[in-house]
1. Quick one: angle between helix 87-96 and the longest Cα principal axis of the chain, in degrees between 0 and 90, rounded to 10, please.
2. Which residues' amide hydrogens lie under 5 Å from the amide hydrogen of residue 56, considering only partners 5 or more residues apart or on another chain, with H built in the peptide plane?
3. Name the long-range amide H neighbours of residue 154: under 5 Å, sequence gap of 5 or more, or other chain; modelled H, no Pro or chain starts.
4. Take every Cα pair under 8 Å in region 258-387 that's 6+ residues apart, average their separations, divide by the length, and report that relative contact order as a whole percent.
5. What list of ³J(HN,Hα) couplings, whole Hz, do you get for region 249-262 from phi and the Karplus terms 6.51, -1.76, 1.60, once you set θ to phi - 60° and write x for glycine and proline?
6. Applying 1/(1 + (r/R0)^6) with R0 = 35 Å to the Cβ-Cβ distance of residue 347 and residue 256, what FRET efficiency is obtained, to the nearest 0.05?
7. Output the antiparallel fraction of DSSP beta bridges having both residues in the chain, as a percent to the nearest 5.
8. Using all Cα-Cα distances in region 162-270, what percent lands in each 10 angstrom bin from 0 up to the longest?
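The values are calculated or read from the model by the stated rules, or taken from the named source; none is laboratory data. As the structure is a prediction and not an experimental result, all values here were calculated from the model. Every residue, glycine among them, receives a Cβ derived from its backbone with ideal geometry; neighbour counts consider all protein chains shown. Just so you know, the surface numbers come from the protein's heavy atoms only, side chains and all, with ligands and any DNA or RNA stripped out. Shrake-Rupley method; radii C 1.70, N 1.55, O 1.52, S 1.80 Å.
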Amino acid sequence: MNDAVWPGELASLMVTHDEGNAYDAVVPPIVQTSLFTFNDYDQMVSAYRGEIVRPIYTRGLNPTVRMFEEMLAKLEGGEDALGFASGMAAISSTVLSFVEPGDRIVAVRHVYPDAFRLFGTILKRMKIDVTYVDGRDEAAVDKALAGAKLFYMESPTSWVMEAHDVSALAAIARRHGVVCVIDNSWASPIFQQPLTLGVDLVLHSASKYLGGHSDVVAGVVAGSKELVARIRAEAYPYLGGKLSPFDAWLLVRGLRTLPIRMKAHEASALEIARRLQALDVVEQVCHPGLMNQLPPGLKGTSGLFSFIFREGVDIRAFADRLKLFRLGVSWGGHESLIVPGEVVLQQKAQPNSAHAFGINARSVRLHVGLEGTGALWSDLQDAIAAAS
Ligand SMILES: *Cc1c(COP(=O)(O)O)cnc(C)c1O
């Protein structure tokens, strides 16, 4: 080791020489650091006083994370965004920023199971009640929102894919002065931009389509400067569900191909949904693209849907025969996946409720990946033949 020049010194020389530029690299560098140092006392005190915007500690501000947040805010048509370590961190930090003990939340029925569990455990202990409504019933939503503090939406909903008129529901929430939040993981900003439909805050499990490669667990929330600032002030730093620089870098990579991936998922999944619907062994296909028309504001459909087999189909045999579709939870990546409903209903996590999630024991959830429609359909046909 050369005593005169240490690798650390070389690294800092490179940064000063080429600050903010990274030699015009086409891919931005990962600023993989926990803390940032200051040139002198005055610079440090200015940063602490908030007179200059300069990262101090990565739990607060990190340039790579910030890059992802700015990209996502633009994609969703928001003023600001905040990245999180998971979709659930985005959900819990967002909801907890707007409720207090004694408050009531209204949620559309069949929300993502772990959101349902957050509401039924931690929020319940905090004396926050949750009322579930059928989001397709606007009169019921209107009635439930009287006196509520927050409206939690998902459209379409997890598993049964109930799709809502998001702008109509957001308008009802606005009339009641209720903060309106939506989980937009399914549609992605390519097919639905809830902020432009009147929703206050849009959040994602970035582990799904935003990342798109099944190699990151992350979340994000976007909205107006004012509402995002409220989350940033307390829940974000103190609950600490911070997005890591490396994961943010993977998300920046994923976002570059989001539009073309979404269009490929859409085309393949719609074709497979239509073919499944034509089969005798299939009782029902739950895919918003098979409705007469998509609800206003939904401009396309993604690769995730479910269907229900008729009685007599051996779902275990079906699952075990599939080759391209693999058994696995999550979705939104390049790969095709299935989850049998009857497996989810045996999950140990509590509360667990077929009724709350809308899961039929004969249903199967499919994520249609990017392998190609022809090969995926042959795979399904073989497995259905083996199971019926
Ligand atoms: C996966 C998922 C979440 C949770 O996201 P994580 O990144 O796994 O924490 C939230 N909402 C929906 C609709 C999801 O599918």
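1. Approximately 80 degrees, to the nearest 10.
2. 61
3. Here the answer is 108, 183, since their amide H atoms fall under 5 Å of that of residue 154.
4. Computed value for region 258-387: 30 percent relative contact order.
5. Per-residue couplings from phi come out as 5, 4, 5, 4, 4, x, 4, 4, 9, 3, x, 6, 5, 4 Hz.
6. Step by step, r from the Cβ atoms, then E = 0.50.
7. Taking every DSSP beta bridge within the chain, about 60 percent pair in antiparallel fashion.
8. Calculated P(r), rounded to whole percents: 13, 39, 35, 13, 0.
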